[in-house]
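The structure appears below as structure tokens.
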Amino acid sequence: MDYPKQPKYDFDNAEDRKTFANWNSHSVDYFMKALDDLRNSGTMNMFGAPRYISDEYEIHYSTATDLFQYWTENGSHSKGEE
């Protein structure tokens, strides 16, 4: 699937997080929880997560990769896990 070029987001920046949520209809926190859930399910190797996120939510692969990198650098986002 060929998606339009997406801007580069800095997910540590509140304004970029807001812009992303407005564009995508899902917040960054939604994707952090989705990645936590995917990891906890044990259904796939997490190195495949960017492709899964891209395909499942129809977002550009580079944006999915940025989300995955943000998730890996910031640890679990589910309540009760650190």
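The values are calculated or read from the model by the stated rules, or taken from the named source; none is laboratory data. Given the structure is predicted, the values throughout are model-derived calculations rather than measurements. Glycine also receives a Cβ, built like all others from the backbone with ideal geometry; neighbour counts cover every protein chain displayed.
Mind checking which residues of the range 47-70 are farther than 15 Å from residue 10 by Cα, of a type in the set (A, V, I, L, M) and either free of Cβ contacts under 8 Å to residues at least 24 places away in the same chain or out of contact with any helix residue (DSSP H, G or I) (no Cβ under 8 Å at 6 or more places or on another chain) (or both)?
49, 53
Considering 39, 17, which residue is part of a helix (DSSP H, G or I), surrounded by 13 or more Cβ atoms within 10 Å (Cβ to Cβ) and modelled with pLDDT under 85?
Going through 39, 17 in turn, the sole match is 17.
Looking at 71, 23, which is the one that is modelled with pLDDT under 75 and either under 11 Å from the mean Cα position of the chain (by Cα) or not in a loop (DSSP other than H, G, I, E, B) (or both)?
23
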